[in-house]
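Enquirer: Please find one structure pasted underneath; my questions will follow.
The values are calculated or read from the model by the stated rules, or taken from the named source; none is laboratory data. If you're wondering where the values come from, they're calculated on a predicted model, not measured in any experiment. Methodologically, a virtual Cβ is constructed for each residue, glycine included, from the backbone with ideal geometry; neighbour enumeration extends over all protein chains shown. Note: areas computed on protein heavy atoms with side chains; ligands, DNA, RNA excluded. Shrake-Rupley method; radii C 1.70, N 1.55, O 1.52, S 1.80 Å.
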Amino acid sequence: MDEKEILRRIDEYVSEEQRLRERYQRDELGREEEHRRLERLEVALDQCWDLLRRRRARLEAGEDPGGTEVRPPDEVEGYLQ
């Protein structure tokens, strides 16, 4: 996945998050369902941002970013900010 694809996915996930929050505000979506879907989106977003950062770091180091792979959710979600 190249940088354009990663950024496109990030945009899609952010748009979906906004739609979910709007549906919840209009009472079209239950609290549990919203929470469950938002959690999945947050993990996917974290994975995309992590992948993008690591690809960019490899480029800056003069390495090929093509071998960078998406890390599993438990690894990405375990980071300390």
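Enquirer: Restricting attention to the range 29-67, report how many residues are among the charged types (D, E, K, R) and closer than 16 Å to SER15 by Cα.
Expert: 6
Enquirer: Just one of (1) under 16 Å from the mean Cα position of the chain (by Cα); (2) open to solvent by 80 Å² or more (accessible area, probe 1.4 Å) trips up ASP64, so point out which.
Expert: Every listed condition holds for ASP64 apart from (1).
Enquirer: When you scan the range 43-51, do you find a residue that is in contact with a Leu (Cβ under 6 Å, 6 or more places away or on another chain) and open to solvent by less than 90 Å² (accessible area, probe 1.4 Å), even just one?
Expert: Here is the first cut: in the range 43-51, the ones in contact with a Leu (Cβ under 6 Å, 6 or more places away or on another chain) are none.
The answer is no, given that none of the residues of the range 43-51 is in contact with a Leu (Cβ under 6 Å, 6 or more places away or on another chain) and open to solvent by less than 90 Å² (accessible area, probe 1.4 Å).
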